[in-house]
Amino acid sequence: MKRLLTSLILISALLGCKTEKKESSPEKEVSQLQTYFENTTLPAALMGTVTRDGSMQWEAFGPAVWEGTETVDENNIFRIFSMTKAIASAAALQLVERGLIGLDDPLNTLMPEMASIPILTEEGSLYTSEAPITLRHLLTHTSGFGYEFTSERLANFKPETWEYEDQPRLFEPGARWHYGTSTDWVGKVVEKVSGQDLEAYLREHITGPLQMNSTWFNVPDHLSENIVSWGTRDSTGFSEYPRIPQELETTFSAGGGLFSSPKDYLTFLKCLLNNGKFDKGQILKAESVALMFENQLPTGMRLDHNLPEEGLPPAVGQFPDESDAYSLAWAIEMSPDEAVRAKGAGYWAGIANSYYTIDPGRGVAVVYFTQFLPFNDKESYDFYRLYEKEVYSAVGTP
């Protein structure tokens, strides 16, 4: 059954009051969110909010399984794609705290399989570079690695043979920002330094301690029925992909491989709102969490992933906003024209139209989940922003 919260309950929760989730009665006023959903073609959406004290509230629309009738909820499991990156960043910063690696240590000797990957020029030629790649370069997406969907150069690169573990780099380390596979390499660094595969490392040091028991690269069989439907949308409507993976992953993508539930992800964000602390311990020091909310890009560097020479169209909804900054984990809101979230808040997304915002200044975090491609679907993005606006209206100024 659909669980709709009145604005009074939402406001009370966001101000720190303990409330219980209640089912709506027919007599209650239909919320703005419900009205929005009913006027879209979205198959389902789930959004939630957590405050620093741990109060969580949820809004749910549509079925978890598209052909089913049971409403999606916070314990359903989604493919979170690039929302994996923030968790991987936390893992890497744990190693920095333990003195096992430095943010600015050259990785070329530790990771020769990465450093040996040549650079592809705009003219189409390849050359090798001995310039050092650092963990900071990887965490800030200034290492030179890209994705095909963010680079026409890479999309058109079709060599007859290729011996490397990734596509060519696009520029020298530190030259500019470009969204790509850098965080996948962060995961490989974590595995090599820790001596554990990434699934085992996260279970021991992050997802296990935080009891994020729905967060896995390989979802355990007893949880697989919690996985939601997903697919793609085109001009003819939705086409569904296989819901439950049929094969185990043996290579773990720190850039986009995790499954997680909205409740688990808000648990992770709540921990960061509390400077890395949780009920039974601390996954990161406060100084490390602070770095996740500081711009790590050199002066003048922008989030210019859609460069004119690449010939890519602008993103729907301007995600990310090129006037914003980037930390070691996510984008940082810097725009003077931003109408909703506060300056200094972190935000990012997953390619199947999931989004999050984390704002330590207001002591609140938001997640939004739909589950289909292509990314930056306007109905999904606008729904996330509408919910974000309602949350900020309830929280008020700090």
Q.
Charges at C-beta only: +1 for Lys and Arg, -1 for Asp and Glu. How large is the resulting dipole of the chain about its Cα centre, in Debye rounded to 20?
A. 1260 debye
Q. Any idea of the accessible area per residue across the chain, 1.4 Å probe, to the nearest Å²?
A. 43 Å²
**Q.** Residue of Asp337, Asp304, Asp324 that the Gaussian network model of the chain assigns the largest fluctuation, springs spanning Cα pairs under 10 Å
**A.** Asp337
Q: Only loop residues by DSSP count here, and only those with at most 13 other Cβ atoms within 10 Å; note down the GluC sites (Glu not before Pro) in the stretch 79-131 that meet that.
A: Glu122, Glu123, Glu130
Q. Ignoring any ligand, DNA or RNA, what whole percent of the accessible area of the chain comes from carbon and sulfur when the probe is 1.4 angstrom?
A. 51 percent
Q. Lys389 to Lys285: extension gain in nm, 0.36 nm per residue of separation minus the Cα-Cα distance?
A. 34.4 nm
Q: Please provide three numbers in whole Å: the alpha-carbon extents of the stretch 218-279 along the principal axes, with the largest listed first.
A: 46, 30, 23
Q) How big is the Rg/Rh ratio for the stretch 253-296, C-alpha atoms only, Rh by Kirkwood, two decimals? A) 1.02
Q) For the stretch 79-147, what is the convex hull volume of its Cα atoms per residue in Å³? A) 107 Å³
Q. In a GNM of the chain with a 10 Å cut-off on Cα contacts, which of Gly276, Gly300, Gly208 has the highest mean-square fluctuation?
A. Gly300
**Q.** Under the Karplus curve 6.51 cos²θ - 1.76 cosθ + 1.60, θ = phi - 60°, whole-Hz ³J(HN,Hα) for the stretch 120-134, x wherever Gly or Pro sits
**A.** 9, 6, 5, 7, x, 8, 10, 8, 9, 9, 9, 4, x, 9, 10
**Q.** Of the trypsin sites (Lys or Arg not before Pro) in the stretch 47-130, those whose Cβ has at most 13 other Cβ within 10 Å and which sit in DSSP loop
**A.** Arg98
(Q) What FRET efficiency comes out for Phe238 versus Tyr127 if R0 is 56 angstrom and r is the Cβ-Cβ distance? Round to the nearest 0.05. (A) 0.80
Q. Per the Debye formula with a single identical scatterer at each Cα and no solvent contribution, what log10 I(q)/I(0) holds for the chain at q = 0.13, 0.14 Å⁻¹?
A. -1.13, -1.32
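The values are calculated or read from the model by the stated rules, or taken from the named source; none is laboratory data. Quantities reported herein were computed from a predicted structural model and do not represent experimental measurements. In this analysis, Cβ positions are derived from the backbone assuming ideal geometry, glycine residues included, and neighbour counts consider all displayed protein chains. What goes into the accessible areas is simple: the full protein's heavy atoms, side chains included, and nothing from ligands, DNA or RNA. Shrake-Rupley method; radii C 1.70, N 1.55, O 1.52, S 1.80 Å.
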